[in-house]
Amino acid sequence: MTYVRRNVRGQQILYELRSPFERADAVAVCADGAILHVASNAGLVRWVNKSQIVSVSSGLFARPAVTDAHKRQAITLAFGPEFGKLFLPKDYPPWPERLPAFSDNGVWCLSDGDGLLEGEPDERGSRRYFRVSRRGDVQLVVGAPAGARIAAVGRNSVYFAAKSDDGLYTISKHRLQLSSGDARQRAGN
């Protein structure tokens, strides 16, 4: 843990600082007992089935580098504007070199045995989705509505929920379409 002492309004205060990027890995347990484990900060996916483990890394999991602006924004969002003013990114525990590749709760098992991963939103709020087979093949999923999140997964279909300006949600059903421009990539590429 990192402790930092600051003088606030003439009073010495000891703060315990945590990096906003310290987050739990995402896990999904499939109907047949296989486990899909996603290490968000490392951009690594693992299928664990009995004693067999398949590790998947792919160029499709490319993550942007963390800048000081990202750090400042993460500090302010996680701890409020006071912390954003009081502390510099160098005051915090070590930060990862890259932003997380995946959402912390966006891991799903599909009925055909593959896994579906939800990426972190980009600067426009759009997310990328990845279909990962148990052999380690990775493909981008296309056709996700902008600004929507996965609400449920059915047989070869994904249900997306999009929040409107009035606070109501719209649910839409989409067939899983894979990007034809992206060739399947094997684990380790």
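Share of region 1-96's accessible area from carbon and sulfur, percent, 1.4 Å?
54 percent
When the dipole is taken about the Cα centre of the chain, and only Lys, Arg (+1) and Asp, Glu (-1) are charged at their Cβ, what size is it in debye, to the nearest 20?
160 debye
Hey, how many Å between the Cα centroid of region 95-121 and the Cα centroid of region 19-85?
For region 95-121 versus region 19-85, the Cα centre distance is 7 Å.
Taking Cα pairs under 8 Å and at least six residues apart, what relative contact order does region 26-79 come out at, in percent?
It comes to 20 percent, rounded to a whole number.
Work out, step by step, the length gained on full extension between residue 39 and residue 85: first 0.36 nm times the residue separation, then minus their alpha carbon distance; give nm to one decimal.
13.5 nm
Under a 5 Å amide H to amide H cut-off, with H placed in plane at 1.01 Å, what residues pair with residue 40 once short-range neighbours are removed?
Hits under the 5 Å cutoff: 26.
Longest segment of the chain with no GluC sites (Glu not before Pro) in a DSSP loop having at most 14 other Cβ atoms within 10 Å? Present the calculation step by step, with values, prior to reporting the outcome.
Details: sites that count: 22, 97, 123.
Free of exposed loop sites, the longest segment is 23-96.
Got a sec to turn the phi values of region 90-102 into Karplus ³J(HN,Hα) couplings, 6.51 cos²θ - 1.76 cosθ + 1.60 with θ = phi - 60°, whole Hz, x for Gly and Pro?
5, 6, 8, x, x, 9, x, 6, 10, 5, x, 7, 10
Quick one: what are the phi-derived ³J(HN,Hα) couplings along region 44-54, Karplus 6.51/-1.76/1.60 with θ = phi - 60°, whole Hz, x for glycine and proline?
10, 10, 10, 9, 10, 10, 6, 9, 8, 10, 10
Give the lysines whose C-alpha is closer than 27 Å to that of residue 90, dropping any in the same chain fewer than 8 places away, or say none.
Those lysines meeting the cut-off are 71.
On a 0 to 90° scale, report how tilted helix 68-79 is relative to the longest principal axis of the chain, with both axes built from alpha carbons and the result rounded to the nearest 10.
Helix 68-79 sits at roughly 80 degrees to that axis.
The values are calculated or read from the model by the stated rules, or taken from the named source; none is laboratory data. Given the structure is predicted, the values throughout are model-derived calculations rather than measurements. Heads up, the Cβs are rebuilt from the backbone with ideal geometry, glycines too, and the neighbour counts pull from every protein chain shown. What goes into the accessible areas is simple: the full protein's heavy atoms, side chains included, and nothing from ligands, DNA or RNA. Shrake-Rupley method; radii C 1.70, N 1.55, O 1.52, S 1.80 Å.
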